[in-house]
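Asker: Before I ask anything, let me first share the structure, which is written out below as structure tokens.
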Amino acid sequence: MATKPPAGKPIKTLKRPDLVAQEIKRLITEKNLSPGDRLPREVELQAQFGVSKGTIREALKSLEVQGLVTISTGPSGGGTIAEVPLDRTLQFLQNYLFFQDVTIDNIYAVRQFLEPELAAGAVPHLTDADFEALEHSIACCDPHSSSEDLLSQRREDVNFHDILAAANPNPFLRFTCELINEMLRQLIVYGNRTPKSEHRRFGETNAQFHREIVQAARARDAALVRDLMARHMLDAASSVKRMKGRIQGRLILDAETLRGPRAAPVRGRP
């Protein structure tokens, strides 16, 4: 099963379960399997790759950790193709970023480029249900009407952007923005001495920008939505810095990826 590495490349010997996991990935690709499709039974995989039951199970476990399959036990058990969850992807990325010096400036420099295009691209695809969810999000993060605590209000600010992301048909742009949103939701902290008045000011400004964005989106004015979101991102970057916001240098735990669902409505992916 092993292949000869190209000349001049260092030799890396893979364990047999890792080789089998690679072959199962190739099988998924060649058969064009989608989330919900079943892999061949363990005994069939054993026969196909000429390996033991233990090797197959180790290979499937490796793919499960990557989020590519779910495994069920019993006579009819085996592997089922899964859509890799965003939370799991964030964990893998955060494992890398844990050893990097990621700052609020870094994140907002990217958001200032991506969020205006994300929002503008979502405009033609927003449904009545989306607008209802956006309005609900505004009510939850507006200090004048919300009964939520300050931290929940800040997280609801991010949920607004998740709803727009879910409506954008560009999967790569959507994924990138959702990933950044999840980092903000899980990892951003503010200075302990930040007065509540600053949080209130930030919330009021965010809610106003969100109202104007929704109004422009209802009018299907993508250009205005793009302009409003660009100004919103500039203001948010300034506000977060003023509030001593920073990204925690920590690893995200599995338990934190099992929290309740976010506000973005469920919709089919293109």
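The values are calculated or read from the model by the stated rules, or taken from the named source; none is laboratory data. All of these numbers come straight from a predicted model, not from anything done at the bench. Reconstructed Cβ throughout: ideal geometry from the backbone, glycine too, with neighbour counts over all protein chains shown.
Asker: Could you run through segment 133-152 and say how many residues are of a type outside the set (D, E, K, R) and either in a helix (DSSP H, G or I) or closer than 17 Å to Met229 by Cβ (or both)? Give the steps one after another, and end with the answer.
Answerer: Going residue by residue through segment 133-152, those that are of a type outside the set (D, E, K, R) are 133-134, 136-141, 143-147, 150-152.
If we keep only those that are either in a helix (DSSP H, G or I) or closer than 17 Å to Met229 by Cβ (or both) too, we end up with 133-134, 136-141, 150-152.
Matching residues across segment 133-152 total 11.
Asker: Please work out which residue is modelled with the lowest pLDDT, limiting yourself to segment 95-132 and to residues that are assigned to a helix (DSSP H, G or I) and hydroxyl-bearing (Ser, Thr, Tyr).
Answerer: Start the filter on segment 95-132 by keeping residues that are assigned to a helix (DSSP H, G or I), which leaves 95-97, 104-125, 128-132.
With hydroxyl-bearing (Ser, Thr, Tyr) added as a condition, the list becomes 96, 108.
Numbers: Tyr96: 82, Tyr108: 94.
Ranking the qualifying residues of segment 95-132, first place goes to Tyr96.
Asker: Across segment 141-194, what is the total count of residues that are touching a residue at least 40 places away in the same chain (Cβ under 8 Å) and either outside the structural domain of Glu212 (by TED's automatic domain parsing) or among the hydrophobic types (A, V, I, L, M, F, W, C) (or both)?
Answerer: Result for segment 141-194: 18.
Asker: Restricted to segment 25-73, and to residues that are among the β-branched types (Val, Ile, Thr) and under 27 Å from the mean Cα position of the chain (by Cα), which residue is nearest to Thr89 (Cα to Cα)? First the steps, then the outcome.
Answerer: If we filter segment 25-73 for residues that are among the β-branched types (Val, Ile, Thr), which is where we start, we get 28-29, 43, 51, 55-56, 65, 69-71, 73.
Restricting the remaining residues to those that are under 27 Å from the mean Cα position of the chain (by Cα) gives 28-29, 65, 69-71.
Details: Ile28: 19, Thr29: 20, Val65: 11, Val69: 14, Thr70: 15, Ile71: 19 Å.
Among those that are among the β-branched types (Val, Ile, Thr) and under 27 Å from the mean Cα position of the chain (by Cα), it is Val65.
Asker: Which condition breaks for Leu63 when tested against (1) out of contact with any strand residue (DSSP E or B) (no Cβ under 7 Å at 6 or more places or on another chain); (2) closer than 30 Å to Gln248 by Cα?
Answerer: (1)
Asker: Quick check, is Met229 in contact with a Lys or Arg (Cβ under 7 Å, 6 or more places away or on another chain) and either part of a helix (DSSP H, G or I) or of a type outside the set (Phe, Trp, Tyr) (or both)?
Answerer: Working: in contact with a Lys or Arg (Cβ under 7 Å, 6 or more places away or on another chain): no; either part of a helix (DSSP H, G or I) or of a type outside the set (Phe, Trp, Tyr) (or both): yes.
For Met229, the condition - in contact with a Lys or Arg (Cβ under 7 Å, 6 or more places away or on another chain) and either part of a helix (DSSP H, G or I) or of a type outside the set (Phe, Trp, Tyr) (or both) - is not met.
Asker: Right, another one. Count, please, the residues in segment 143-176 that happen to be more than 19 Å from the chain's Cα centre (by Cα) and surrounded by fewer than 20 Cβ atoms within 10 Å (Cβ to Cβ).
Answerer: Of the residues in segment 143-176, the ones more than 19 Å from the chain's Cα centre (by Cα) are 143-151, 153.
The next check asks that each one be surrounded by fewer than 20 Cβ atoms within 10 Å (Cβ to Cβ); those that pass are 143-151.
The qualifying residues number 9.
Asker: Within the group Arg220, Arg155, Arg174, Arg211, which residue is assigned to a loop (DSSP other than H, G, I, E, B), in contact with a helix residue (DSSP H, G or I) (Cβ under 7 Å, 6 or more places away or on another chain) and either within 27 Å of Asn106 (Cβ to Cβ) or not acidic (Asp, Glu) (or both)? Please lay out each step first, then the result.
Answerer: Working: Arg155 fails: assigned to a loop (DSSP other than H, G, I, E, B); Arg174 fails: assigned to a loop (DSSP other than H, G, I, E, B); Arg211 fails: assigned to a loop (DSSP other than H, G, I, E, B).
Among Arg220, Arg155, Arg174, Arg211, only Arg220 is assigned to a loop (DSSP other than H, G, I, E, B), in contact with a helix residue (DSSP H, G or I) (Cβ under 7 Å, 6 or more places away or on another chain) and either within 27 Å of Asn106 (Cβ to Cβ) or not acidic (Asp, Glu) (or both).
Asker: Would you pick out the residues in segment 232-270 that are at pLDDT 85 or above and either in a helix (DSSP H, G or I) or not assigned by TED's automatic domain parsing to the domain that holds Arg201 (or both)?
Answerer: His232, Met233, Leu234, Asp235, Ala236, Ala237, Ser238, Ser239, Val240, Lys241, Arg242
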